[in-house]
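Computed from the coordinates by the stated procedures, all read-outs in this text should not be read as laboratory data. All values reported here derive from a predicted model rather than from experimental measurement. When we count neighbours, we look across all protein chains shown, and the Cβ atoms used for this are built from the backbone with ideal geometry, even at glycine.
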Amino acid sequence: MTAAGFVWDPRVVAHVYRDDHPLRPIRLVGVHDTLERLGAFARKDARVLAPRAATRAEIERIHDSDYVEAVSRASGDPDDDYGDWGLSAWGDTPPFEGMHEVSLLTTGGTLTAMEEVIAGRLRVAFNGSGGLHHAMRRYASGFCIYNDPAIVCGLLADRGMKVAYVDIDAHHGDGVQAAFYETDQVLTISLHQYGFVPELGHLFFPGTGTAEERGRGRGAGYSINVALPPYTDDTAYVRAFDGVVPPLLERYQPDVLVTQQGIDSHFEDPLTQLMVSTRAREHIVRQFATTTSPWVAMGGGGYSLDAVRRAWSMEFLIMLGADIPKELHDAEPPQWSGVRRAQVDAAVDAAITGALDAAWI
Ligand SMILES: [Zn+2]
């Protein structure tokens, strides 16, 4: 079965974090409209899914009740002070009117996707508004309010399923890792940029995600981090992915695959220094598509609107088993050669070795 669902609701693309904020939910309109123009939704295996709102109990699978209370208050009165909860007007995650309600819908979209694939009605479902992987138990972080990937992984684990979570956003999936750091029931694998960025003068956000963070207790070896150097290009990125993800999924034998497909790793993205193109992404998403287990897919970061539009459109076409028109691909992906090639490859080889050595025995 190749049936694929696309979660869509104009209400989840209309909100604005702040006028100058890099995360623009409106970016999903470009994905939706491109897929519609290409006839994707008219294919017999395609389904457009309306999200439901997540329930309070579902949110509290991961978040503390008083944090949810604070977000609810901020939603109605965003001008008060919510600094203790990771929300600040000029910070990464500002309070804004209606934030609780729209976050229930973005989380609910991932829950809808999960329900459809677990029931066997769809092979895969994609919620572009989800993948908010930085939110922590008691605080918002990195543009993320409720951690829908962690909520879905937790609810699947509660059903007794073995969950594999693979995060290909440019940033470390720290909130999801933290939620399952001491359990072997959710394997988390994150590939991300790590380390000092000379032009920024500080560590790349969130500053975590080395191979040494490998889980604790029963979870030892079930938190896997592939810490990539800035300026990792397609060749190196694909080698890192192929060297770690398929072998570990093969060993783990998950009942369900959950993917966070942030596209801020793209070479045009203004917030990161990775150099991934649609070519590497095609390879990786095709690899996800070879799994036989149910597959819940989400968006995530992505701050070049054109890269978001082309990459996520392509990725949904792969989920459908449809052909990919040339217009969605990058014409000339950047590629290192010479000394720089050798430097990037050496750093990526070390990241692969570190990740494999960290895995459970
Ligand atoms: Zn990101």
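Relative to the current alpha-carbon distance between VAL339 and ARG18, full extension at 0.36 nm per residue lengthens the span by 111.4 nm. Each listed q (0.12, 0.15, 0.26, 0.29 Å⁻¹) maps to a log10 I(q)/I(0) for the range 193-250, found by the Debye formula over equal Cα scatterers with no solvent: -0.36, -0.55, -1.10, -1.16.
Note on ALA42 and GLU327: the extension gain reaches 100.6 nm, defined as 0.36 nm multiplied by sequence separation minus the Cα-Cα distance.
Relative to the current alpha-carbon distance between ILE361 and ALA50, full extension at 0.36 nm per residue lengthens the span by 107.8 nm.
The share of alpha-carbon pairs in the range 183-330 lying farther apart than 20 Å comes to 51%. Each residue of the range 59-69 was assigned a 3J(HN,Hα) from its phi angle through the Karplus curve 6.51 cos²θ - 1.76 cosθ + 1.60 (θ = phi - 60°); the sequence is 4, 7, 4, 10, 9, 5, 4, 6, 5, 4, 4 Hz, with glycine and proline shown as x. As a proxy for reagent exposure, TYR139, TYR165 were ordered by neighbouring Cβ count within 10 angstrom, fewest first; the result is TYR139, TYR165. Placing +1 on each Lys and Arg Cβ and -1 on each Asp and Glu Cβ, with no other charges, gives the range 1-93 a dipole about its Cα centre of roughly 940 debye.
Under a Gaussian network description of the chain, with springs only between Cα atoms under 10 Å, the residue in PRO334, PRO78, PRO198 that fluctuates furthest is PRO198. Just report the Cα centroid separation between the range 294-313 and the range 236-260, whole Å. Value for the Cα centre distance between the two parts: 19 Å.
Reported to the nearest whole Å, the Cα centre-to-centre distance from the range 108-130 to the range 1-37 is 16. Entry note, the chain: the mean residue ellipticity at 222 nm calculated from DSSP H runs of n ≥ 4, each adding -39500 (n - 2.57), is -11500 deg cm²/dmol after division by the residues and rounding to the nearest 500. Counting only DSSP beta bridges whose two residues both lie in the chain, roughly 10 percent are antiparallel. Classification of the chain by its C-alpha gyration tensor yields a rounded form. The axis ratio a/c (a ≥ b ≥ c) stays under 1.5.
Using only the Cα atoms of the range 1-127, build the gyration tensor, take square roots of its eigenvalues as a ≥ b ≥ c, and label the shape rounded, prolate or oblate: rounded if a/c is under 1.5, else prolate if a/b is larger than b/c, else oblate. Cα axes put the range 1-127 in the oblate bin. Model label sites at THR353 and ASP66, defined 7 Å from Cα along the beta-carbon direction, differ in position by 4.7 nm. Compute the whole-percent fraction of alpha carbon pairs in the range 60-121 spaced more than 18 Å apart. Beyond 18 Å sits 43 percent of the P(r) for the range 60-121. Taken as Cα centroids, the range 83-104 and the range 211-231 sit 29 Å apart, rounded to the nearest whole angstrom.
Computing FRET efficiency as 1/(1 + (r/R0)^6) for ALA220 and ASP84, where r is the C-beta to C-beta distance and R0 is 51 Å, gives about 0.95.
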